[in-house]
Amino acid sequence: MANRSAGFYFELIGFPGIPPQFDVLFSFTMLILYNISLVSNGSVMVLIIMKEKLHEPLYIMIANLAFSNLLFDTVTLPKFIAKYWFDGGRIYFLPCIIQMYFVHFLAGVDPFILMLMAFDRYVAICKPLRYSSIVTHRVIVVTCGMFWLLASLVTLLNLLVLKHPFCGPNKILNLFCNTSTLLRLACDDVNDTREAILTYAMVFLFLPLTFIILSYSIIIVSIISLNHSKSWRKVLSTCTSHWMIMSLFYVPRVFVYIANYARLVLSPNLNVFLIFLYSYLPHLANPLIYCLRTEEIKRIIANILKSRFET
């Protein structure tokens, strides 16, 4: 089969509508975005690891989210940037499959971490007296580890693409290799594979979302029952950072998944733009949102900056 040949390769196209004269500007923009993500997510991870005050359940979840985001960007962006700088848009079959696996694996971890954060907020607001006994350091570490393992195993389903030959078009209209773009390039009937993978992806996406919506519905009902407006506003403010991150992660992603499931035809540029939006924008926003909305992290960063300037 042609796709088993060592010489078979795909060509990453990215945004097909960008004129060649903007390639340099676009590549530098992507490099800047990658460096911002690298520094911000890496700093959050190091800060949480190094500072004992941050060895708490909420910060462990934030560190897991930052680690997932950092790995995703590292797996995808350097190769795409190399397309413009070193004419490195060519990606051979095996590296493409490996990249595809990690793209879906790392993207599969995030919704479960977000679900765990929703559970954390539910317990903190609705069962505050039992919070320290339910949401423990050990429980969060074990649960996060289980989510990483679950995502890595379920993502193996994406390897069903290996049963299809790739012997014709090799242009990937995307920033990286993923299942949906590869199936469009297969030479035989992929309907069964597409339906199986899309069904698993919808379950993997909407199961955590359902739990998140249920958790926050209960939270909203609970805070509405509070008598003092200042009290419910203060409680609600503790959830806003999580809501912002969920919106960035879910809104464009759900639209793309529903469009694929309903067989809606999106223009190549719109499809790639939406993938770019839900793949990278949350990774840039997460550290900023949590640093600005979490008092303990703000305090530690302020102390670090103060000590640096004083010396």
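Data for the structure
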read-out	value
Tally, over the stretch 189-210, of residues that are farther than 22 Å from Leu277 by Cβ and part of a helix (DSSP H, G or I)	11
When residues of the stretch 132-151 are limited to those that are touching a Pro at 6+ places or on another chain (Cβ under 8 Å) and part of a helix (DSSP H, G or I), the one least open to solvent (accessible area, probe 1.4 Å)	Ile140
Boolean, Leu77 is open to solvent by 60 Å² or more (accessible area, probe 1.4 Å), in contact (Cβ under 8 Å) with a residue 24 or more places away in the chain and either part of a helix (DSSP H, G or I) or under 21 Å from Ser247 (Cα atoms) (or both)	no
Boolean, Ile258 is in contact with a helix residue (DSSP H, G or I) (Cβ under 7 Å, 6 or more places away or on another chain) and at pLDDT 70 or above	no
Residue match in the stretch 94-104 (condition: of a type in the set (Phe, Trp, Tyr) and either at pLDDT below 85 or out of contact with any His (no Cβ under 8 Å at 6 or more places or on another chain) (or both))	yes
Which numbered condition Val24 misses (of (1) within 25 Å of Leu284 (Cα to Cα); (2) open to solvent by 40 Å² or more (accessible area, probe 1.4 Å); (3) not in a helix (DSSP H, G or I); (4) not hydroxyl-bearing (Ser, Thr, Tyr))	(3)
Test set (1) in a helix (DSSP H, G or I); (2) in contact with a His (Cβ under 9 Å, 6 or more places away or on another chain) - Ala186 fails condition number	(1)
Meets criteria (in contact with an Asp or Glu (Cβ under 6 Å, 6 or more places away or on another chain), open to solvent by 10 Å² or more (accessible area, probe 1.4 Å) and assigned to a helix (DSSP H, G or I)) for Tyr84	yes
Residues of the stretch 19-34 that turn out to be β-branched (Val, Ile, Thr) and under 25 Å from the mean Cα position of the chain (by Cα), as a count	2
Pair list, Cβ under 8 Å, 6 or more apart: the stretch 20-39 residue on the phi < 0 side of the Ramachandran plot, other residue open to solvent by 100 Å² or more (accessible area, probe 1.4 Å)	Ser27/Trp85
Odd one out for Met100 among (1) in contact (Cβ under 8 Å) with a residue 40 or more places away in the chain; (2) exposed (fewer than 15 other Cβ atoms within 10 Å of the Cβ)	(2)
Scope the stretch 164-209; condition of a type in the set (Val, Ile, Thr), over 21 Å from Lys83 (Cα atoms) and surrounded by 15 or more Cβ atoms within 10 Å (Cβ to Cβ); matching residues	Val190, Thr193, Ile197
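The values are calculated or read from the model by the stated rules, or taken from the named source; none is laboratory data. Values in this document were obtained by computation on a predicted structure and should not be read as measured data. Cβ: placed from backbone, ideal geometry, glycine included. Neighbour counts: every protein chain shown. Remember, those area values only see protein heavy atoms, side chains included, never the ligands or the DNA or RNA. Shrake-Rupley method; radii C 1.70, N 1.55, O 1.52, S 1.80 Å.
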